[in-house]
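Remarks on the structure that follows.
Nothing in this text is a laboratory measurement; each read-out follows from the coordinates by a stated rule. Predicted model, so just to flag it, every value in this text is computed and none were measured. Every residue, glycine as well, gets a Cβ built from its backbone with ideal geometry; the counts of neighbours run over all protein chains shown.
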């Protein structure tokens, strides 16, 4: 591509109302749009990706209440939330930047033989009490018990296969070349498998950080950024000895992952996505909060993952 490309993966804190429930927050979305404007001003073409865990869970719960058969189609629920969140982001990005912004309904290829299909691990939706949890189990859904602030709670878990390819990759590339801001791979992408020369949706939710990293790699992006609720990757997270890690080589990141030091389902997939991207492209990746991105780009905040 003729311009530098930045792929920015948004965490829930860049979109959602802090009160919970996955409801969009206009002020947070507007701040995210300002970040896109800043990156455009720095000379980047920008791709924005986003999660959908709370939204897809709430949508499924609403459909279950009315007995809709769509409730069992996670691929379609991901597609619906791509449209919802993508539209909200696009409105704000257009308003702030005056740039053309296109939401691409994005399918991501997975393997039908991925072992994740027999071992649901990815949480979706909100925390549940025991009664709500039992109701989901009766409907054939998988639920995991958790301890949060000393209380027993539950959360639905679904299969999360590894992303292999992005179906709309060439379309995204063309839109970037034409100067558009692109919103893609929402919620990790609509999960599909290859069947008879085409694609069909499957019942899963792909990790959005891994899908975003794959998209960044295949686009040949100059920089991959994951925005999350903390300013940097932390050692001893949540303990008095907690401290930020300003810089990690790919080998150091992989060692932390193999040692199980990082929080599964939270920071671990983010570091894994960055390590995969940086190993494949030799370009840097960055994990930080939306509020500290400008400082992180200058090396004053965040965690930068480098080749060596």
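Of the residues making up the range 153-191, those that are touching a helix residue (DSSP H, G or I) at 6+ places or on another chain (Cβ under 7 Å) and either assigned to a strand (DSSP E or B) or closer than 17 Å to residue 120 by Cα (or both) number 16.
Results for (1) surrounded by 15 or more Cβ atoms within 10 Å (Cβ to Cβ); (2) more than 20 Å from residue 201 (Cα to Cα), shown as yes or no for each residue.
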residue	(1), (2)
141	yes, no
148	no, yes
157	yes, no
176	yes, yes
179	no, yes
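Among the residues examined, residue 140 qualifies as free of Cβ contacts under 8 Å to residues at least 40 places away in the same chain, over 17 Å from residue 211 (Cα atoms) and either outside any strand (DSSP E or B) or within 17 Å of the chain's Cα centre (by Cα) (or both). Within the range 190-198, is even one residue within 13 Å of residue 5 (Cβ to Cβ) and buried (at least 24 other Cβ atoms within 10 Å of the Cβ)? Within the range 190-198 (the criterion being within 13 Å of residue 5 (Cβ to Cβ) and buried (at least 24 other Cβ atoms within 10 Å of the Cβ)), the answer is no, since none of the residues qualifies. Hey, among 70, 59, 40, 77, which residue is in contact (Cβ under 8 Å) with a residue 60 or more places away in the chain and either farther than 29 Å from residue 281 by Cβ or in contact with a strand residue (DSSP E or B) (Cβ under 7 Å, 6 or more places away or on another chain) (or both)? Just a single option satisfies the conditions, and that option is 40. Filtering the range 48-69 to residues that are touching a helix residue (DSSP H, G or I) at 6+ places or on another chain (Cβ under 7 Å) and farther than 18 Å from residue 125 by Cβ leaves 48, 49. At least 3 residues being closer than 15 Å to residue 6 by Cβ, touching a strand residue (DSSP E or B) at 6+ places or on another chain (Cβ under 7 Å) and touching a residue at least 24 places away in the same chain (Cβ under 8 Å) is the threshold, and among the helices (runs of 4 or more DSSP H) wholly inside the range 201-308 those reaching it are 208-219, 267-281. Taking residue 46, is it outside any helix (DSSP H, G or I), touching a residue at least 24 places away in the same chain (Cβ under 8 Å) and under 21 Å from residue 231 (Cβ atoms)? Considered against the rule, which asks whether it is outside any helix (DSSP H, G or I), touching a residue at least 24 places away in the same chain (Cβ under 8 Å) and under 21 Å from residue 231 (Cβ atoms), residue 46 comes out as no.
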